[in-house]
Structures are given as C-alpha cells and as structure tokens.
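Each reported figure results from applying straightforward, stated rules to the coordinates on display, with no laboratory input. Worth saying up front: this structure is predicted, and the values here are computed from it rather than measured. When we count neighbours, we look across all protein chains shown, and the Cβ atoms used for this are built from the backbone with ideal geometry, even at glycine.
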Amino acid sequence: MNDMLKLRNEIDEVDKKLKELFEYRMDLVLKIAEYKKKNGIPVYDPAREEEKLSQLKNSLADKKNADAVVELFSQIMAISRRAQYAAINSADDLGFTAVDEFEAGDDTVIAYYGETGSFTEQAMLEYFDGKGKGIPMGTFEEVMEALKNNKADYGVLPIENSSTGTLSDIFDLLAEYDNYIIGEHVVAINHILWGLPDAELSDIKRVYSHRQGLLQCSNFLKKYPHWELVEGGSTAGAAKKVSMENDITQAAIASRRAGETYGLKILKPSIHNEEHNQTRFIIISNKRNYIRNAKRISICFVLPHKSGALYHMLSHFIHNNINLTKIESRPIKGQAFRYRFFIDFEGSLEDLEVKNALLSIKKEALEMKILGSYVPVPNSN
Ligand SMILES: O=C(O)C(=O)C[C@]1(C(=O)O)C=C[C@@H](O)C=C1
C-alpha cells in the first residue's frame, strides 16, 4: 500500500467517526428543539453560539486552525438551527401571509407617482393589465401616505434605472413606512424631447423634466449648453407644463404617451444615453402578504457599530446557501456615517434556509425589516 492510500484510509476512519458524532449531535439538537417548542424558547441563541465558538477556538492545541474551526462550527450550528426550525415548524413567525394571487378589479384603487402619461402610470397599466382606478400622486411620499391612510389598495413607484442606478429616496421611504413590496415590473424607457406644435429645436431655451429624465439624457443635453435645465415633478408633469404655458421656447423630456396626451410635437426622438434604457418599478401594499412561492425577498437592517458586523451578518446567507442579488446602503438620517443596508436575495419566505437566515439576522441586527417577497422580473437584477 502506498503512503497516500494509507493516509486516505486513516481519513476514512476519521470521517466515519465524525459522521457518527455528527448524527449523535443532530439527535441532541432535535431533543433541544422539542424542549424549546414546549417552553416557547426561540431557536436561535446567539450568546450560546458565541460562547461555544470562543471556547472551541481558545482550547485549540494549534491556533493556526482557529479560523477554520470557527467556520466549521458556525456552519454546523446553522445546520442545527435549520433542523430545529423544521422540527418546530413555524413557531417563530416572520409575520407574512402567503396568498395565491393579488386581486385587482375595476374598484381597486392604485396610487402611482406622476401624472397621466408618466412612465409609472405605464408600469401600473401593464402590471395590472389595465384593471383598477389609477390616482396620480405628486410625490413618492404621497404614494406611501395613500397606502398608510387606506386611500389606495396598491401603490406603484420607480426604484431603479439601468443607466442612473437606484432611486435612493424610495429606499428611505420603504424603511420608514409600513408598506411592503408585492411585485415588480420593468418598463423600457424611451425619452423624447417635446415642444409646442409650432416649435423648432432652434427655438428652445428651457427644458423641463424629472431629475431622472435629465440624468438619463445628459449626453444629448451637453450638446446644448445654453439651455436652462429645470428639474421637478414627473416627466409627464413637465409635458403638461409645456403644453399649458404655451411658450415656444420651452420643451419637455417625457414619454411618447405623455407628449401625445398633452398635444406636443416631437423635436428629437430617443435622446436617452443608453440604448436599452429600462426602469424597474415596485408594486406596494400596506398588507404583509406575498404570492406563495415568490422567489425574491427584499430586506433592510441596521447593524451594531462594531468591526466585523457586516461580515457576520452576511455569513447567515452563506451558511444557508442563499444567493444575494443586490446590496445597497443608505445613510441613516440624523446619525452621521451610520448606514442601513438593503439586500435582495433569491428564495421564498417558506424556505427553511430563508427562515433560518432571517430570524438569525433579526436577532443580531439593531433593527431588521422584511420589505416584501415577490415574483422577480427575469434578469431584472
Ligand atoms: O444550545 C442550543 O440552544 C441549541 O439549540 C444547539 C445549538 C447548537 O447547534 O449548538 C443550535 C442553535 C442555537 O442557536 C445554539 C446552539
């Protein structure tokens, strides 16, 4: 027998013992689960886990294995928790209810950002198949308020553009309000420069649009440095303003629907920087419901201000084999250089792995909110 074969035989012996010990350990873990269930004790006990890890680390003969031992036992304890959640079966509730579908009929009221003809209205019409009664709202916050005050059943807001990135205000509002993401929709954004029916490009002195409209068309606008750029309201609001004020020197950057709605003329089509300019919209509700088996989840959390806190938090995703699709951070108002993290990941609120990760994060974070679970648009992020 050669040396390698001999060593492998020894490893086989060690693995056999490890396996037997692992099975024995899992039996103990399930007995603890029974006890926890009977006495209403939560599955996750971070203090006990912390104590175990430092005990194991400090008692090592050879400290070079310290990190590996911590990794190995963190993983073993994550597996144990998963088994306990399965045995206890939803004693620790995430507070969300699965539904088969979201109903929308003619009486359904949907608050959307912007004016008639805005891209958000288009997202609403496409998502709800033209059903429901849309009410335009002047600000993102008004959409949130309409849900809060039960003035609307659903809300629609833009959250991310393929060329300019995320709309950070929306993240702050999602953290602040008790409203939840129940769906998402992507719209191809085609910006057009619109003027009055008699206007020519050479007449223009001032251009109105939403901040995003101006940003997404910045390359085109750079060619006209003498134009005054005025941001405010939605893109459709800008088209309405140009139409109402009847000044030949004014133009608006807006959608085809908006320009046609307000009787304007195309001065320049397709002026956006990126050929495939797309915006992702979210559909929100004030109820903690989600479509059964929806495969995307968004959360946000605030961490204790100590070294390694984010690393530790992310390990809950790693140990539960969860794939993150997006991570963002936003400064917390009134707390200089402290951040709230926003994470999107794959999975369903019914998965034990997801439950395991979320309940652990909830326990460790200073605050954690599940922003919603929804069916993602393919390749949206
Ligand atoms: O000691 C417990 O409470 C257990 O359930 C066991 C165990 C472990 O695997 O060691 C599992 C989960 C807890 O978070 C802490 C420890």
field: Centre separation in Å (Cα based) which lies between the stretch 187-225 and the stretch 280-305
entry: 35
statement: Once both label points are put 7 Å beyond Cα along the C-beta direction, the residue 332-residue 249 separation in nm becomes 5.0
Low-density loop cleavage sites - chymotrypsin sites (Phe, Trp or Tyr not before Pro) in the stretch 288-381, where at most 11 other Cβ are within 10 Å (DSSP): 337
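In terms of the Cα gyration tensor, with a ≥ b ≥ c the square roots of its eigenvalues, is the chain rounded because a/c is under 1.5, prolate because a/b exceeds b/c, or oblate?
Details: a/c = 2.97, a/b = 2.24, b/c = 1.33.
Prolate shape, in that a/c is at least 1.5 and a/b is the bigger ratio.
Can you flag which of 17/363; 19/295; 36/64; 131/151; 52/369; 131/268 are past 25 Å Cα-Cα?
On the way: 17/363 34 Å; 19/295 33 Å; 36/64 36 Å; 131/151 17 Å; 52/369 28 Å; 131/268 33 Å.
As for pairs spanning more than 25 Å Cα to Cα, those are 17/363; 19/295; 36/64; 52/369; 131/268.
Kirkwood hydrodynamic radius, computed over distinct alpha-carbon pairs, for the stretch 139-244: how many Å, to one decimal? Please list the in-between numbers first.
Numbers: mean 1/r = 0.0628 Å⁻¹.
Evaluated over the stretch 139-244, this radius sits at 15.9 Å.
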- prompt: Once you put a point 7 Å from the Cα of residue 3 and another 7 Å from the Cα of residue 54, both along the Cβ direction, what distance in nm separates them?
  reply: 4.2
- line: Any aspartates and glutamates whose Cα falls less than 16 Å from that of residue 148, other than same-chain ones fewer than 8 residues away, would be 172, 176, 178
- prompt: What does the convex hull of the Cα atoms come to per residue for the stretch 1-92, in Å³?
  reply: 111
- request: Using only the alpha carbon atoms of the stretch 192-268, find the Kirkwood hydrodynamic radius as the inverse mean reciprocal pair distance, in angstroms to one decimal.
  value: 11.7
query: Given 0.36 nm per residue, what is the gain on full extension from residue 93 to residue 64 after removing their alpha carbon distance, in nm?
result: 6.4 nm
statement: Between the modelled labels at residue 278 and residue 202 (7 Å from Cα along Cα→Cβ) the distance in nm is 4.1
message: Given the DSSP H assignment, sum -39500 (n - 2.57) over each helix run of at least 4 residues in the chain and divide by its residue total; what's the result at 222 nm in deg cm²/dmol, nearest 500?
response: -12500 deg cm²/dmol
message: Could you tell me the calculated FRET efficiency between residue 318 and residue 129, based on Cβ-Cβ distance and R0 = 51 angstrom, to the nearest 0.05?
response: 0.80
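At 0.36 nm per residue, and after removing the present C-alpha to C-alpha distance, how many nm does the segment from residue 34 to residue 306 gain when stretched out fully? Display every interim value, and only then the final one.
Details: separation 272, 0.36 × 272 = 97.92 nm, distance 3.45 nm.
Extra length from residue 34 to residue 306 when fully extended: 94.5 nm.
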